[in-house]
Structures are given as structure tokens and as C-alpha cells.
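One structure is given below, encoded as C-alpha cells.
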Amino acid sequence: METDTVAIIGPQSSVTAHVISFVANELQVPLLSYSSTDPTLSSLQFPYFIMTSRNDLYQMAAIAEIVDYYGWREVIAIYGDDDYGRNGIAALSDKLAERRCKISYKAPLTPTATQQEITDLLVEVALTESRILVVHTFSSWGPVVFSVAQHLGMMGPGYVWIATNWLSTLLETDYLSSDTLDDIQGVLTLRMYTPDSELKRKFRSRWSNLTRGTTGYGLNPIGLSTYGLYAYDTVWLLARAINAFLDQGGNISFSTESRLAKLREGSLHLDAMNIFNGGELLRENILQANMTGVTGQLKFNPDGNLINPAYEVINVIGNGIRKIGYWTNYSGLSVVPPGTLYSNPPNRSSSSQNLYSVLWPGQTAQKPRGWVFPNNGRHLRIGVPNRVSYRDFVSQVPGTDMFTGYCIDVFTAAINLLPYAVPYKLIPYGDGINNPSCTELVRLITAGVYDAAIGDIAIITNRTRMADFTQPYIESGLVVVAPVKKMNSSAWSFLKPFTRQMWGVTALFFIIVGAVVWILEHRLNDDFRGPPRRQLITILWFSFSTWFFAHRENTISTLGRFVLIIWLFVVLIINSSYTASLTSILTVQQLTSPIKGIDSLISSKDPIGYQQGSFTRDYLINELGIHKSRLISLKMPEDYAKALKDGPHKGGVAAVVDERAYLELFLSNQCEFSIVGREFTKNGWGFAFPRDSPLAVDLSTAILKLSENGDLQRIHDKWLMRSACSSQGAKFEVDRLDLRSFWGLYLICGIACLLALFLYFLKMVRQFSRHYSSELDSSGRGSTSARLQTFLSFVDEKEQEVKSRSKRRQLEMASNRNESMDNYSSKRRHIESPPDGSPQASNEA
């Protein structure tokens, strides 16, 4: 750079690039590098540094997605302890955190690490929990890491090794011995993706011809890596940018820097360096380039990185490699080449993420679990609540460090189903005098005091924010227990099946249906005719007798039969429901309580009991708005019974709110109390572990197996099965039938009645018009009141009489018409005949 320089290609090392980039910025000389891929070499800090290959930020994103794809949560990072290694692992940590994964252990190695130092480091790694190892280093001592790992037995089943693209570069450019290949069997690595093209094939052919007979280090043929392809494109990229610079009238000129002139002393000759006056224009031409090279399309995004970053995911098998898929920043992991993906909309759904099968270290195709218990002699410290009450769930054996109970047996059975040993130690939490707070026990997991917590720990919202829980092994929501008393049958029990509203509507419909049937049958059926008193009695008798299907009056009209069929169906349903409800009332023991459930408890001002140390108190205060002065802490089941018996007027409580599991055990020998109302929360008990603990997932699977094979129920019956009180089968309150259950039937019946009446009315109007309209007009009684009075009389008449009278009227009208015609004919003949003696008569004579 002492000479006049317009651009620099290189360096190959990211560490060197950091230093030179500062100088390039001051001299405004573009610095193009195809191999310095440190994520921190950003265009913001170093605007004149231009990365002409893939940024390692994308490579770390690809590794994070691979880890997440296989369901692993923790990895170990082995890396070179320099800027390149540290910055790359920092980027990996960020990408893993985005997927709720993390680096559990960092193992740095100096760039000049010896084999012994590598051995010591890997021994420490072997004692940790995670078995997912990411190696981000140089190809100079990377193979030594695998050689030592092979010697230590760390390349066998259960381990996962992921190497960054230094390994794929080594496989492409160097000839590896059989021993080195044996050391890296099953390793996953990445390679920058370059699409296949005619230009690329021709270049590789020219490279082969050029290097034929030439050997590199170790007298091996000189291979061509992806970095070589990017180096070739970098030269062309710069050449085109300079050409565009000159076409735009750019002038290659330099100016001195006054600050450098003061640095004449020293061997670096810093005073000889000059500022390139056209550096900014040349840099803009480079970043605006859009060309197709042997690596594909070269175009920069606004961040100064090449567009469409993509990597091949490679599995080392035998003497070569096997491509198992691709990663792109566009659609994640896929077995489809990136070129095809870019033509479709991006798809990041979990179902679209795919890779081909992998042959893992140890020649196994089964996906490694990814973690083991640390082989460092340390046991899991598991906190167990030292309960005072309800010791059937969990209790410490006096004088020992052993625990018994339902929760302990479930945990032990689940642990025994795991395919690996779990060294653990149960540690009591609590003073043994008061029930401990399980929320505080869970918080101590986040503080590192315990590695896990087991026992009667309810899975609630604020606890899930602090730890991960297993699958619930028992359901236990909050319920209300209150004193109850038996309800004795009374002389009026037969009225209880229906509510007052139901009785009223039912009686009203009996009358309505009777009236409708009377209207439809009155003109046709003699059973529905007679004096008004008799007709009223007929209506009531007919309608109410249908309750027992004992009506003796027959229906003649079609509309009447239609209404009656609908009504009899309604009566059948109501009758059956009434019978079933009355049977239940008279045969099943009924219970009653002044507390109907949580709603009535909230609206009252009576004191409420809760279990000491339970989350119930916070829930009642924070979620239901109950004042804390109403809450009374109770420790033992005996305290529950005494407080409920005393009641709110004698210093006791109106009800106790607690989890169903506790209260069912309490009620097994307390028959004067019962659960009232519904269960107003839905939660269960589980075992707590640190966030993202793989043991929580495995134990959840084990608990599901216990449930499926019946062992969970057998453990429940062993500890919690008690002989229930006789009142436990009793019915709380009376389930009275109300109108809501039958309004549809009444609606159908009402519509049928209205429809029948409407059709009947149309029929009456039509008949009235035909039989009486002309008569009223001829008689001069055409007023509205007269017509209405006549119409009502017409409706009241029997239809047969109306038809007979109409027929007689028609016959009379016909007879009168005939007489008129006869009179008219005789008169006409009389007029037309001549008198006697007339000439006409003489002639006729």
C-alpha cells in the first residue's frame, strides 16, 4: 500500500482483514475478500470492506436451524480463540437463542494448540451433558480435533459433530488419508452453494487442464474449493467495476494525508501512503454490480452481503460425502435445490423443513438423543416439598432421607422407564411444621438451588414462566367444598319436576290447543257442539285429557287432526320428561347447601378457607377479586372439618376452596360435606425442570406410557382409593325442567295451530262469500257490522245445515226462475193471438 493502490483483493484471514480494513477506510481503497467471512466485518464499521463470498452469519443460521430441526436444545462450541472464532460463535449463540436453543459449554483453543491441549479440552467436553458439538476452526488443526476425539471414544454412537465449511473446503482441496477419513465418519458439514452451470463446468475443466501434473502440499493434486470459485469471480467483479469507473470519467489520482506525513519515522513508511480520490465512486460501482459468474449471480443487498445465501448440508460417509439437503435464507432446510425454491413463495412452516437421512457417528441411522447425564459423579438435586398435611401424596420417612407417597411413586416409575440411568438425590424443602410454598420451590430451580422439583406441584401460569413442566400425571382443578344436608320429600314433590314458568306455559298450551281444535271441529263434529257451557267443558276436558291420551272425542277435520298429532307428540315428550324427573326426585337422595358454587361464594361476605402454602390464596385475591380479609389459612384436614362445622357465625368458614385431588381425599371420610358447583379452573400436577431441559420431555413421554399401560391408575388406586361415603352418590339439589328445554316443541305446536287457524279462516271466508254475499246485497244488509254478525252466525252453524239451507235456497231460486219463465211465455202467447172475427181468424178458419 506504499504504492498507489486503487483496490485490494484479500486477505484470506479474517483477523488480518480487521486490521487492514481500518487502513482501507482511511485511504478509501476498496478491500475485496472472498475468504474473510467474519460476521463482524460489517459495511457499517468498515464501508470499504466488501465480502465477495458468504457471510458466516448465514452459516451460523444454517447450523442453528439444523440443531432445531432435530429437536436438540444445547450444543458445545469448539473454536479457535481469535477474532474469527469468537465472533463466529457469538453469531451462532444469537441464532440459537432465536430458536430457544443455547451453547451450554464453550471450548476455545489457541490457534497454536498442541495435541495435548486439545486432548485436555475434549476430556472436559466429554464430562458435560450435551453431545452436540460444533467445530468452528481452521483446517490446520481441525483434523487433529477429530483424531483426538476418535481416540477418546467421542466419535461413537450418541455424539453429533457439526463442522463449519472449513471441513468441506479441506475435503475439496486436499487429499485425506484413510485414517483421517475414518476420524470424520458421520460428521455433518456445510458448503457454500453454487448452482451448476455451463460456465462453472467449463471453468473446472480449464482448472483441471491447468493443474494436470502439478502437486500442492504433500505432493497431492491441487483441488478447487468453493473459495477458489469466489476468488475467480472476485477478480472479474473488480475488473468490471474498474471498467465502469473509467467509463464514467473516473480519474485515478491520489492525494496525501497530512496526518500520515507526520509519521516519517519507523519501518512501516506510513507517510508513503496516499488517499485514492476515486475510491468512493469505485466502491459504489462494485456494490452496484450485477453479474453472473461461476458461482452464480453476484449482486449485493443494502447490507453489503451477496443476495440469496445458500449452503449445502453434507454428511461424510465412507471415502466421500453425501449431500442430504440445502439451507437457504429464503425457505430454511429443504431437499429441493435453492434455484427451484426461489421461483416459489417462501415457506418456513415446520412441515416444509426436510433433510435426507443421516449416517451418524458410530455408523448408526438413529437420531442421537443429543445429551446424557454428565459423567462427573454429580447427582441431580431434586427438591421435594416436606408436607405436613395430605401426606398420602408426598411425605418424608422420619429419620431418613427417603420419601414416600403417590407423587414419589409416579416419579420413580417414570424414571425407571427412561432408556438411561438418572443419578438423583431427593432433598426436602420445608421446615416440617408448615406446608411449603411450591411456587417458591419452583423459583429455586431458576436460582440454581435445585436441578428439579417433584411432588404435588400444580402447573399454573406464573410457575410455567420460571420452569418447564412434564405432562400432568393427575388432573386437579380448584373446587368448592361446603356443608350439605339431605332434602326430605314433601307432599308437593310431584310439582318439583317443572319450574313455575314451565307449569304455566304447559297449562296455557293445553287451553290454546283445546280452543284451536274446537274452532276447527265446531262446524263439522257434533261432539264439539251444544250449549255454550257444554262447549266450554268440552274444550277443557278434551285438552287436559290429552295428557293421559284419554280423550274420547274424535276429530273429523283434516286441520284438526294435523294440530292434534303435533300436540300429542309434544305431550309425549313432556310426559316422559316429567316421569323421569319425578322418578329421580323420589328415588335418588337429594342434597342442599346455601353455597351453590364459586359465584355465590364470591357474592357473599362469608369467610373462605384455603390450604396453607397453596396457590389458591393468590388466585382468589388476584383473579377473582376476593378481599384477603375473608381468607382463612387451614393446615390439616381436621382444620377443614372443624372450620366447616363451626360455620361463618362461630369463627369458621362458609366453604373451603382447594384443589380437587386434596378435597376428594378429604371427603372420603367426611360425609357431611360435599363439592358444590363446578370446577372453575383446569390444571394438573407435574414435575418441574429448568427451561428447555431435555429430561422434562423424556419424563413426559414416560408418564404417557404409564397412563397407557395402566400403571398410573394402579399407583392412584394404591394411595388415593378410599371407600366413599354413601352420600357421594347423592344428587346435589334438584334438576328441575325449565322452559328452555321445550320451547322448540311449543314453537312447533304454536305454528301448527296458527297455520291451521289461518287455513280455516280462509275456508270460512270463501264459503261465506259464496253462500251469503248475494243474499246480503239483495236484502240491503250490506253494512260492515251486519256482515260481521252474519259471518259469526255462519261460523257457529254446523256446516251440514249451511249446505242444506244453501241447497234449498238454490232449489227455490230455480223454481221461482221457472215460474217466471212460464208466466212470461203465456203473456207472450196472449199478446200474439188475434181476437175472434178478425180477418186473420176468418182466413185461418
Where a label projected 7 Å from the Cα of R100 along Cα→Cβ would reach, residues of the range 433-470 with amide N under 13 Å: 464-470
Three-way shape call for the range 493-587 based on the alpha-carbon gyration tensor, with the a/c threshold at 1.5: prolate
Segment A239-L568, extension gain: residue separation times 0.36 nm, minus the distance between their alpha carbons: 108.6 nm
Solvent accessible area, Å² - S351, 1.4 Å probe, full protein context: 90 Å²
Estimated FRET transfer efficiency when R0 is 60 angstrom, pair T412-N354 (beta carbons, to 0.05): 0.95
Loop-located GluC sites (Glu not before Pro) in the range 60-167, at most 14 other Cβ atoms within 10 Å (DSSP): E98
Summed side-chain charge close to T16 - residues other than T16 whose Cβ falls under 12 Å, Lys, Arg +1, Asp, Glu -1: -3
As computed over the range 1-69, the Cα convex hull volume per residue (Å³): 77 Å³
Per-residue ³J(HN,Hα) for the range 189-205, Karplus 6.51 cos²θ - 1.76 cosθ + 1.60, θ = phi - 60°, Hz, x for Gly and Pro: 9, 10, 9, 4, 7, 10, x, 6, 8, 5, 4, 5, 5, 5, 5, 5, 5
For K299, residues with placed amide H under 5 Å, excluding near neighbours: I307
Segment S42-E638, extension gain: residue separation times 0.36 nm, minus the distance between their alpha carbons: 207.5 nm
Sequence-distant residues sharing a close amide H with L32 (under 5 Å, placed H): I8, I9, G10, I50
Efficiency of FRET from Cβ geometry, T499 and K763, R₀ 35 Å, rounded to 0.05: 0.35
³J(HN,Hα) computed for each position of the range 682-697 - Karplus, 6.51 cos²θ - 1.76 cosθ + 1.60, integer Hz, glycine/proline x: 10, 8, x, 9, x, 9, 9, 9, x, 4, 6, 6, x, 5, 5, 5
Distant-in-sequence amide H partners of D658 (H built 1.01 Å from N, under 5 Å): V479, V481
V19/V422 FRET efficiency (R0 56 Å; Cβ-Cβ; nearest 0.05): 0.65
19 Å reach of a label modelled at H379, 7 Å along Cα-to-Cβ, counting backbone N of the range 415-446: 415-418, 420-430, 445
Segment V123-E280, extension gain: residue separation times 0.36 nm, minus the distance between their alpha carbons: 51.4 nm
Inter-label distance for L540 and F138, nm, one decimal - labels placed 7 Å from Cα along Cα-to-Cβ: 11.3 nm
Cut-off 12 Å between beta-carbons: net charge of the residues surrounding T112, Lys and Arg +1, Asp and Glu -1: -3
Highest average packing first - 197-204, 229-236, Cβ atoms within 10 Å: 229-236, 197-204
Residues of the range 276-317 with amide N under 14 Å of a point placed 7 Å along Cα→Cβ from Q248: 277-290
Burial ranking of peptide ranges 306-312, 292-298 (average Cβ count within 10 Å, highest at the top): 306-312, 292-298
Accessible surface of the range 356-493 [probe 1.4 Å, protein heavy atoms]: carbon and sulfur percent: 53 percent
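The values are calculated or read from the model by the stated rules, or taken from the named source; none is laboratory data. None of these values were measured; they are calculated from a predicted model. No Cβ is skipped: glycine too gets one built from the backbone with ideal geometry, and neighbour counts run over all protein chains shown. Please note that ligands, DNA and RNA were not included when accessible areas were found on the heavy atoms of the full protein model with its side chains. Shrake-Rupley method; radii C 1.70, N 1.55, O 1.52, S 1.80 Å.
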